[in-house]
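Participant: Submitted below is the structure of interest, expressed as structure tokens.
The values are calculated or read from the model by the stated rules, or taken from the named source; none is laboratory data. A quick note: this is a predicted structure, and the numbers were derived from the prediction, not measured. When we count neighbours, we look across all protein chains shown, and the Cβ atoms used for this are built from the backbone with ideal geometry, even at glycine.
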Amino acid sequence: MDDTTRPADTGYRFIGKPIPRKEDERLITGKGRFTDDFNLDGQAHAVIVRSPYPHASVAIGLAIAAEAEASPRIAGRLTRNFGVWRDRDGGRGLAFDALFEKDTALAGAPLTRTRRYRAHHNVGHFRFVECSRLNDGAPAGDVTPWGEVRSPLCAELRDRPLDGVEVRRLPRPGDLVEERYLCDENGVIEVEIANLSAGYTKRYSPVAGPK
């Protein structure tokens, strides 16, 4: 269409022509109906519930009213995967351990995940990651590193500052260690790392460090 052609002369049915508004009367007279005006038994309303804390996985809530007069309840779900990198093949490679997967329901929070093993290093170096999806078990899509955690796995390091302590592999399996992860209703995750053989526990937030 060149500059000399008017839209009304092109043969189009609607382009360049006034369209009569048919909805004005019912809107002006208060007879319009919108999605919020419908209320059916068993109706579900999707709402976004964002965690009040930074670095907490965003939760999507579903408010469900089973009966019209019943109070709605929120069933939250994580929208991202959360996990930690681990050594494999004797330290020659890495594997991702997805602790809390995307779409995990937060009903009954705090949720817990536990890992138990014999220590293979004097210091545990935990690198936490959250991501929007997993590709063959590895983080993919929007990947966000969390804070790193260093925790003593040998009793002699229990009360020592770990700054400057070299992570070294033990000549043989060491003390029995248990990791316990707790995820609250806001998607905030805390970590307890216990040396069960020596009888002590360290608590961390992957963002803030030790507690």
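Participant: Which one is surrounded by the most Cβ atoms within 10 Å (Cβ to Cβ), of the residues in segment 175-191 that are charged (D, E, K, R) and assigned to a strand (DSSP E or B)?
Facilitator: Of everything passing the filter in segment 175-191, E179 is surrounded by the most Cβ atoms within 10 Å (Cβ to Cβ).
Participant: Ok, one more. I'd like the residue in segment 154-164 that is more than 32 Å from the chain's Cα centre (by Cα) and of a type in the set (A, V, I, L, M, F, W, C) and, out of all such residues, is surrounded by the fewest Cβ atoms within 10 Å (Cβ to Cβ).
Facilitator: By that ranking, first place goes to A155.
Participant: Here is a further query. Looking at R150 and the list (1) under 32 Å from the mean Cα position of the chain (by Cα); (2) assigned to a loop (DSSP other than H, G, I, E, B), which single condition is not satisfied?
Facilitator: (2)
Participant: Another question, if that's okay. Would you mind stating whether R172 is part of a loop (DSSP other than H, G, I, E, B), free of Cβ contacts under 8 Å to residues at least 12 places away in the same chain and out of contact with any Pro (no Cβ under 9 Å at 6 or more places or on another chain)?
Facilitator: yes
Participant: Out of the residues in segment 99-141 that are basic (K, R) and over 13 Å from the mean Cα position of the chain (by Cα), state the one that is modelled with the lowest pLDDT.
Facilitator: Only one residue tops the list, namely R127.
This table checks each residue for (1) part of a strand (DSSP E or B); (2) modelled with pLDDT of 75 or more; (3) under 40 Å from the mean Cα position of the chain (by Cα).
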{"position": "T4", "(1), (2), (3)": "no, no, no"}
{"position": "N39", "(1), (2), (3)": "no, yes, yes"}
{"position": "I48", "(1), (2), (3)": "yes, no, yes"}
{"position": "A63", "(1), (2), (3)": "yes, no, yes"}
{"position": "E67", "(1), (2), (3)": "no, no, yes"}
{"position": "G83", "(1), (2), (3)": "yes, yes, yes"}
{"position": "L94", "(1), (2), (3)": "yes, yes, yes"}
